[in-house]
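What follows is one structure encoded as structure tokens, with my remarks underneath.
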Protein chains: 4
Amino acid sequence: MIKEGDRVLLVSEEGDEFLVKLQKGLKYVTHIGTIMHDEIIGKPYGGSIETSRGIRLFLLQPGIVDDIYNMKRRTQIVYPKDIGFIILMLDVKEGDRVIDAGVGSGAMSYALARAVGVNGKVYAYERRQDFYSLAIKNFKNWGVEERIELKLRDISDGFDERNVDALFLDVPTPWEYLAQAWQALKGGGRLGIVVPTTNQVQEVLKVLYDLPFIRIEVWENLFRPYKPVPDRLRPVDRMVAHTAFMIFATKFC
Amino acid sequence: MIKEGDRVLLVSEEGDEFLVKLQKGLKYVTHIGTIMHDEIIGKPYGGSIETSRGIRLFLLQPGIVDDIYNMKRRTQIVYPKDIGFIILMLDVKEGDRVIDAGVGSGAMSYALARAVGVNGKVYAYERRQDFYSLAIKNFKNWGVEERIELKLRDISDGFDERNVDALFLDVPTPWEYLAQAWQALKGGGRLGIVVPTTNQVQEVLKVLYDLPFIRIEVWENLFRPYKPVPDRLRPVDRMVAHTAFMIFATKFC
Amino acid sequence: MIKEGDRVLLVSEEGDEFLVKLQKGLKYVTHIGTIMHDEIIGKPYGGSIETSRGIRLFLLQPGIVDDIYNMKRRTQIVYPKDIGFIILMLDVKEGDRVIDAGVGSGAMSYALARAVGVNGKVYAYERRQDFYSLAIKNFKNWGVEERIELKLRDISDGFDERNVDALFLDVPTPWEYLAQAWQALKGGGRLGIVVPTTNQVQEVLKVLYDLPFIRIEVWENLFRPYKPVPDRLRPVDRMVAHTAFMIFATKFC
Amino acid sequence: MIKEGDRVLLVSEEGDEFLVKLQKGLKYVTHIGTIMHDEIIGKPYGGSIETSRGIRLFLLQPGIVDDIYNMKRRTQIVYPKDIGFIILMLDVKEGDRVIDAGVGSGAMSYALARAVGVNGKVYAYERRQDFYSLAIKNFKNWGVEERIELKLRDISDGFDERNVDALFLDVPTPWEYLAQAWQALKGGGRLGIVVPTTNQVQEVLKVLYDLPFIRIEVWENLFRPYKPVPDRLRPVDRMVAHTAFMIFATKFC
């Protein structure tokens, strides 16, 4: 049953989506009609309500991808579709201790926090006050604030942690922090880096080869959606052409 | 420290990779020289040894992708690079109860078991005796057998579970089992299906639209590796052209 | 020197593009200022003028891709970037006699007319009066009307020509016309078909395998543009995800 | 009718392909049986013969793509599938005068020679004696030697021609020759460059922006073949991941 305080994803058959945090007495106004929060409270997930204009809205629990698309943000974010790939390549799992450097709005810290589970820990570094405050707010909203230790700090001087299982770097000049990343990782620990341009990939690779890292890989992913029409199945007309280049490496000693 | 019984991934600078389960007294023969298991035991992860021919091998913990590429298999498998995407789209997380139908060699059950964590559960269905036995063996090898309840069973008659958070279907004719999948899912629960051909996508979509499912999506992913050479950065010459079509849908009531 | 009657492509440094047919005394109004046709006449190609608002516009000869993007159209068109591939795969060359069935706005007939040269011939079939009239107008505008024999005709009853070198089919139900296409082609002649959906590809293939065709191939092309910035080289953010599926086959006797 | 001296493409139903130049009395040995040239002479194109082992071989005229895949080569070549795109983007047409610099085995000169037709001309530059000799041989084989003026020459000192319609550059350090290319082109003439790496694209762009060029574009194309099976339509398993980056620009004065 849906209760006050829940965040609920409202989805129409036409594909309109709204993420609402329920509070008794409030109303929510959309371009397809108005909804009273009270009408939603007490309904089951998977059920539906109608807007004031008679449009049916299904009541769903937001997934992590929904959360990220709907979060408050001030930054360019890791493309949600890439997150699954990164978590897999970094082999992040229950109980892991991991670092997220360059937190931004907090999407990647959130994904890492889910992957390390209740016994794991995410050490998150952000040097800008405004992003720091935004990330704090987002973490609370998602209920993952206890697993994430967020630090307002430049990473030039290195990380506080040692022997972390994985380290994710999403900053404009990652090549300046690779030695620090090496120091924080455990033997065999995995490093992941995202950058938008080929020039940045080149800079990162130049430095990576001078440090004790192996299994150096560079990937990009093209995610292609199809129009889900059984009699006229075909890719959509336009797609995201580029999310990011992803660089991975493993520390040796 | 590496100890007897550990599974260790040996990686050369040239990219040769061997996954070995350590047992005192054994030796392991490769095309780049021989290794004594006893030499590895007691070394730290991230360290290295040399083969009889003087080739350096780094000692790493296998990640889930390594496990899957190196497992015993008799089936076509979900491409490991797609697994992260599927887990993300199905929003599988700590404590979830999920179904994996069409277990095959067990790769997807393994990934799901990691994602649901120690408090979650994977109900896995496989109708062929040989795959069933193979999956049991693989699950034990990966140490996830306690989280996976594997059943030797055809799914035509439906699933035993109700209100599962997510259900993954990897069988040749998934359109025959969509009503059963709907019944097993909770309201708002997520369904994921992989098929290799466009004809199968069409068949699945035809049936999906007649059932209470929304958010019907079809995706394919192109994963493109680059040659990680800083002065001559470019995509590799050949890549995997197609892994699978992935179909997602959400149950409403 | 540019003269009256020329079609000139005006290109700004910001990427604005206008295709203008010059006529003395006329003026051309754009969102970046007004231009007098008389100012352009007498200038060299590659030179530039300024609009009334001081924006520089370079004077270029439109290429075939420019012509197609700027033509009057009422139809979905073959994506210009695919045209080069199709001409190559059909091996259309100087002096060839080819058929274009399903002319639409005439873009493909135009491309074929250029490829067959002054000694070649394009037999073009269109059954809708409105497209027929539009194509006539476009052919004249492009100056290729003499090489194209355009017929207002349904192709169910077959084609008038025999022994053509290549035949291109761009109609909604191409599988209905494959026997007719076979009859019109020479031994070893090449057939090309474009369709937007996977279902249509399947229908075409079913029929193709029952006719004396070999070298049956299906292709799709992804054209990915990059932001041409030397210090931040990367693909653009969004791209065309799908133009068409292209099917090719060669007649045997 | 096929006659002595013709180059004939022999294609089996299984996809084996052999390009043979017919000479009376000769025999051709393949892994699927032997063929006597005399059996082919006098047969019609599109017809078939059988090898000594009873395998049917269809008799086809080789297209330009077949010629290129089957030519004698000593160099990395422009991927034939990209050639159509390049010809289109350079807008090469009947009667054009164009330059091909960095001829290699001659594939691109051949394609340009076909596009400019009997009234056009290709000026081809190659500085290595071995490639020069190879290209001469290939041009003769393809019957295009009269339209191509091949020069054994380094292009550092520039090109002999002026006012050419298009110029294609396929050399390892194209950024060194852009000023020379500009000089040879007509106002509004089009420049095309292929390079395999992102670093080379960056170098070219740096120089291009300092010269009077507009419409600077960078493209890469992914050509994806499908298994042409109507009941199991899907992309093939593996594909070419990267052919080349293509850079285009237009000269202004």
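Values in this text are rule-based calculations from the coordinates and carry no lab data. What you see is a predicted model, and the numbers here were worked out from it, not measured in a lab. Cβ atoms come from the backbone with ideal geometry, glycine included; neighbour counts cover every protein chain shown.
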Calculated P(r) of region A:66-251 - Cα pairs past 23 Å, %: 41
Using 7 Å Cα-to-Cβ label points, what is the B:Arg7/A:Glu161 separation (nm, one decimal)? 2.5
Step through the residues of region D:61-67 one at a time and calculate ³J(HN,Hα) from phi using the Karplus curve (6.51 cos²θ - 1.76 cosθ + 1.60, θ = phi - 60°), rounding each to whole Hz and writing x for Gly and Pro. 7, x, x, 5, 5, 4, 4
Measuring from a point 7 Å past the Cα of C:Val207 along Cα-to-C-beta, which residues in region C:104-148 have an amide N at less than 17 Å? C:125-127
Hey, if you drop one equal point scatterer on each alpha-carbon of region B:7-62 and run the Debye formula without solvent, what base-10 log of I(q)/I(0) do you get at q = 0.15, 0.22, 0.25 Å⁻¹? -0.33, -0.76, -1.02
How large, in Å, is the protein assembly as shown by the Kirkwood hydrodynamic radius built from its alpha-carbon pairs? 31.8
Let me know the whole percent of all Cα-Cα pairs from region D:1-138 that are separated by more than 21 Å. 52
As a percent rounded to 5, the proportion of antiparallel DSSP bridges among beta bridges in region C:124-253 is 60
Take C:Val236, project a point 7 Å from its Cα along the Cβ direction, then tell me which residues of region D:132-169 have their backbone nitrogen under 14 Å from it. none
Among C:Pro80, C:Ile216, C:Val171, pick out the residue whose Cα is farthest towards the positive end of the charge dipole of chain C, where Lys and Arg carry +1 and Asp and Glu carry -1 on C-beta, about the Cα centre. C:Pro80
I want the local charge near D:Asn141. Using Cβ-Cβ distances under 11 Å, sum +1 for each Lys or Arg and -1 for each Asp or Glu among the other residues. +3
Honestly region C:154-253 on the Cα gyration tensor test (a ≥ b ≥ c root eigenvalues; a/c under 1.5 rounded, otherwise a/b vs b/c for prolate or oblate) is just prolate
Would you be so kind as to identify which of A:Ile55, A:Leu22, A:Tyr45 lies farthest towards the positive end of the dipole of region A:7-62, taking Lys and Arg as +1 and Asp and Glu as -1 on Cβ and the Cα centre as origin? A:Leu22
Within the protein assembly as shown, what percent of beta bridges assigned by DSSP are antiparallel, to the nearest 5? 65
Just to confirm the filter: which trypsin sites (Lys or Arg not before Pro) across region D:111-187 are DSSP coil and have at most 12 other Cβ within 10 angstrom of their Cβ? D:Arg162
Taking a temperature of 10 °C and a viscosity of 1.306 mPa s, what whole-number D in µm²/s does Stokes-Einstein yield for region D:74-126 with Rh from Kirkwood over alpha carbon pairs? 143
Dipole magnitude of chain C, debye to nearest 20 (Cβ charges: Lys/Arg +1, Asp/Glu -1, about Cα centre): 240
At what distance in nm do the modelled label points of C:Arg53 and B:Thr173 sit from each other, each positioned 7 Å from its Cα along Cα→Cβ? 6.4
Which GluC sites (Glu not before Pro) does region B:1-84 hold that lie in a coil by DSSP with at most 13 other beta carbons within 10 Å? B:Glu13, B:Glu14
Chain D, relative contact order in percent, only Cα pairs under 8 angstrom and at least six apart counted: 13
Give me the angle, in degrees from 0 to 90, between the Cα long axis of helix A:198-208 and the longest principal axis of the Cα atoms of chain A, rounded to the nearest 10. 40
Magnitude of the Cβ-charge dipole of the protein assembly as shown, K/R +1 and D/E -1, about the Cα centre, nearest 20 debye? 0
How much of the DSSP beta bridge set in chain B is antiparallel, as a percent to the nearest 5? 60
Within chain D, helix-based [θ] at 222 nm, where runs of 4 or more DSSP H residues each add -39,500 (n - 2.57), nearest 500: -7000 deg cm²/dmol
If I take every Cα pair under 8 Å that is 6 or more residues apart in region B:4-78, average their sequence separation and divide by the length, what percent do I get for the relative contact order? 29
Placing +1 at every Lys and Arg Cβ and -1 at every Asp and Glu Cβ, with all other atoms neutral, what dipole size does region C:7-62 have around its Cα centre, in debye to the nearest 20? 260
Of the listed links C:Lys251/D:Lys81; A:Lys27/A:Lys140; B:Lys24/B:Lys151, those spanning more than 27 angstrom between alpha carbons are B:Lys24/B:Lys151
Whole angstrom only: what separates the Cα centroid of region A:177-253 from the Cα centroid of region A:136-176? 18
Can you give the angle from 0 to 90° between the axis of helix B:107-116 and the longest principal axis of chain B, with both taken from C-alpha atoms, to the nearest 10? 80
Defining the label point at 7 Å along Cα→Cβ, can you sort the distances from D:Asp160 to the same site in each other copy, shortest first, in nm? 4.8, 7.5, 8.6
Tell me the trypsin sites (Lys or Arg not before Pro) within region D:1-90 that lie in a loop according to DSSP and have at most 13 other beta-carbon atoms within 10 Å. D:Lys3, D:Lys24, D:Arg53, D:Lys72, D:Arg74
